[in-house]
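The structure appears right after this line, and notes come after that.
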Amino acid sequence: MLNKWAVEAIQPHVSLSVEEVEALLETPPSAVMGDIAFPCYVLAKQYRQSPPQIALHLVNLIQMKGIKAETVGPYVNLTFDRSYYAGYLMEQLQQSNDPQTNIGQGKKVIIDMSSPNIAKPFGIGHLRSTMIGAALYKMYQTAGYEPVSVNHLGDWGTQFGKQIAAYKRWGNDEALQENPIQESLRLYVQFHEEAEQDATLEPEARNWFRLLESGDEEANRLWEYFVEVSMQEFNRMYERLNVTFDYVLGESFYNDKMGAVVQELKDKDLLVKSEGALVVQLDDEGMPPCLIMKSDGTTIYPTRDLATAFYRHHVMKADQILYVVGGEQKLHFQQVFAVLNKMGAEWVQDCSHVHFGLMKFEGKKMSTRRGKIVYLDDVLDEAITRALRVIEEKNPELPDKYKVAQDVGIGAVIFGDLKNNRSNEVDFSLDDALNFEGETGPYLQYTYTRTQSILSKSMMIEQVDAEDLQGMQEDKYIEALGDSGWALLKLLIRFPEQLKRGVHNNEPSVLARYVLDVAQVFNHFYNQERILCEEEKLRKIRVSLTMLTGQSLQRTMHILGLGTPVRM
Ligand code: ARG
């Protein structure tokens, strides 16, 4: 909102569009220098003067009630008259309880997220995809889109032939029910070990996969069984993270939809034979060829993604498709998008690979191959146990302390991921993630409980509502807010702008940094001003600001997937 007024003050005097001016606005390095800064470098051409001269010139032109313009070198700094704006901004915030920016206008965005592989461990990449995807889902929803989440399970491929062959030889039902992933993995490892001595195993596996593809009853029953037991384990994980999906459509769902894609590729003369396999050449894009069909006639991962993209566009009617998948699959998605482009699917420009970096735990790389697996369940359990330990120490009488420990432990893990720019590598440390004084989930939760405890104390004095602020003298605001309250108020009104930026970049960390700022600035306000003071008017303004902060924290934390206990 302040940005909007700043643009109104400046734009009529410069040869830049509203958007251009808005994009140039900065926050001055120190609050005493003003609320918003406008750098004049880009105007050098228009004015044929040096930026500081232009700044001087502009300052004389800017005439808007309640805004003071000054130069600081090449900058025009604007200071908003708090007595004029503070009350208005608070009223605005109070009225827009649900500040949807509605940039989405109902557009449907399919979010391909989580997507683990059946009979394989739920990896750290799947965890990041789940958390980032879930946050994007709520961000898009808040921005007025219609998000649709799809869990694109890896539930098809030749490895299921091996899985069945191994199960038939050495399978143990009890172990499989009890520990589906570990047992599946054991079978898989045993298969590869024994296949080195026993030459009959590989053909046996190939035969099982052939049977599976041709609809053989036993093969399909066993496959379904593997899917079911793995899903039980994955679902437990989703429940703990409080994530749900609109659709679970595994790769197998597209089995009968790939033929049409292969046919279309043929019709469009895009398929080339290469060492017995069929590929689409992508040299003109500077990429290796995209493999469509193996020499034995089986289709593979890229073919499935092509069929999937068509289905999402034509049948599910997606306006946009996001693939929340690790950065190691960059080439895969570049190839798939390039093939779609060659096929004339101009909507491929609305598909994006929302990639993310690796995550290590306490400096250790996650590896599923060599058995050095960090189990996510263990990480979550440990986080909850440690959260509970802190609660037992600081607040042993807390009711629902187990529920609170869960919110805190899981929130710590989620926020420990989301606060990072998604493309960065994350070295996750439980100690850091659980530090109540760091940039963490627990710090946010603690700050939220602080707002709620102030509000419940204030309820014992009086009920404060929006009407109380109407007609309040303007100078009361200046006194009640102080510098820290004004800084907080300016931050609170920036939510729609931050949401927009987060959506635009598919970057939950934008909101994560924002909510940390809100918490930090609120804590500063709390230390500077006595919120529940004697003077009624000051108290009402401060309590209102605390209420607005609590709402803001809660809203943003929920978007990111964090619980907000009222006490802890
Ligand atoms: N199952 C794949 C894996 O674990 C991820 C799938 C991502 N989604 C997609 N449409 N390819 O690597």
Quiz item: Can you give the accessible area of ARG501 in Å² (nearest 10), computed on protein heavy atoms with a 1.4 Å probe?
Solution: 120
Practice problem: With all protein chains present, calculate the accessible area of CYS351 using a 1.4 Å probe and round the result to the nearest 10 Å². | Solution: 10
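Please identify the longest segment of the chain free of exposed GluC sites (Glu not before Pro), where exposed means a DSSP state other than H, G, I, E or B and no more than 13 other Cβ atoms within 10 Å. Please report the intermediate quantities before stating the final value.
Details: sites that count: GLU275, GLU362, GLU397, GLU425, GLU437, GLU462, GLU534, GLU535.
Here the longest run is 1-274.
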Quiz prompt | Largest-first ordering by accessible area, 1.4 Å probe, given options MET316, MET459 | solution = MET459, MET316
Exercise. Round to the nearest 10 and report in Å² the accessible area of HIS314, as given by a 1.4 Å probe over the protein chains' heavy atoms.
Key: 100
Practice problem: Measure nothing fancy, just the Cα-based angle from helix 495-504's long axis to the longest principal axis of the chain, in degrees from 0 to 90, nearest 10. | Solution: 30
Quiz prompt | the chain, relative contact order [Cα under 8 Å, separation at least 6], % | solution = 14
Practice problem: Using a 1.4 angstrom probe, figure out how much accessible area the stretch 10-135 has per residue, in square angstrom, rounded to the nearest whole. | Solution: 46
Practice problem: Count the DSSP beta bridges whose two residues both fall in the chain, then state the antiparallel fraction as a percent rounded to the nearest 5. | Solution: 50
Quiz item: Put THR71, THR27, THR308 in order of accessible area, largest first, 1.4 Å probe: what do you get?
Solution: THR27, THR71, THR308
Self-check item: Listed pairs LYS257/LYS330; LYS360/LYS401; LYS138/LYS457 exceeding 28 Å between Cα atoms
Solution: LYS360/LYS401; LYS138/LYS457
Quiz item: If the cut-off is 14 Å between C-alpha atoms, which aspartates and glutamates fall inside it for LYS364, apart from same-chain ones fewer than 8 positions away?
Solution: GLU425, ASP427
Quiz item: What is the P(r) of the stretch 81-148, as percent of Cα-Cα pairs per 5 Å bin from 0?
Solution: 4, 15, 15, 13, 12, 11, 10, 8, 5, 4, 2, 1, 0
Self-check item: Alpha carbon centroid spacing (whole Å) that separates the stretch 442-494 from the stretch 16-80
Solution: 31
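For the chain, just say rounded, prolate or oblate: build the C-alpha gyration tensor, square-root its eigenvalues into a ≥ b ≥ c, call rounded for a/c under 1.5, and beyond that prolate if a/b exceeds b/c, oblate if not.
Since a/c reaches 1.5 but b/c is at least a/b, the shape of the chain is classed as oblate.
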Practice problem: Would you mind computing, in nm to one decimal, how far apart the modelled labels at GLU178 and MET287 are, each placed 7 Å from Cα along Cα→Cβ? | Solution: 4.6
Quiz prompt | Cut-off 12 Å between beta-carbons: net charge of the residues surrounding LYS108, Lys and Arg +1, Asp and Glu -1 | solution = -1
Quiz prompt | Within the chain, helix-based [θ] at 222 nm, where runs of 4 or more DSSP H residues each add -39,500 (n - 2.57), nearest 500 | solution = -17500 deg cm²/dmol
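Could you put TRP156, TRP170 in order of accessible surface area, largest first, with the 1.4 Å probe and the full protein assembly present?
The residues order as TRP170, TRP156, largest area first.
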Practice problem: Give the share of C-alpha pairs in each 10 angstrom bin for the stretch 380-512, from 0 to the last occupied bin, in whole percents, shortest bins first. | Solution: 11, 28, 29, 24, 8, 0
Quiz item: ASP377 to LYS537: extension gain in nm, 0.36 nm per residue of separation minus the Cα-Cα distance?
Solution: 52.5 nm
Exercise. Please work out how much length the chain gains when fully extended from ALA31 to GLU328, using 0.36 nm per residue of separation minus the C-alpha to C-alpha distance, in nm with one decimal.
Key: 102.7 nm
Quiz item: Taking Cα centroids, how far is the stretch 250-307 from the stretch 385-419 in Å?
Solution: 49
Quiz prompt | Net charge, MET33 excluded, C-beta distance under 12 Å - Lys, Arg +1, Asp, Glu -1 | solution = -2
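All other residues with a Cβ under 13 Å from the Cβ of PHE436 taken together, and with Lys, Arg as +1 and Asp, Glu as -1, what is their net charge?
Its environment carries a net charge of -1.
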Quiz item: Can you pull the percent of the chain's accessible area that's carbon plus sulfur, 1.4 Å probe, other chains left in place?
Solution: 47
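The values are calculated or read from the model by the stated rules, or taken from the named source; none is laboratory data. Note that the structure is a prediction, hence the values are computed from the model and not measured. Note that each Cβ is placed from the backbone with ideal geometry, even for glycine, and that neighbours are counted across all protein chains shown. For accessibility, only protein heavy atoms count, side chains too; no ligands or nucleic acids. Shrake-Rupley method; radii C 1.70, N 1.55, O 1.52, S 1.80 Å.
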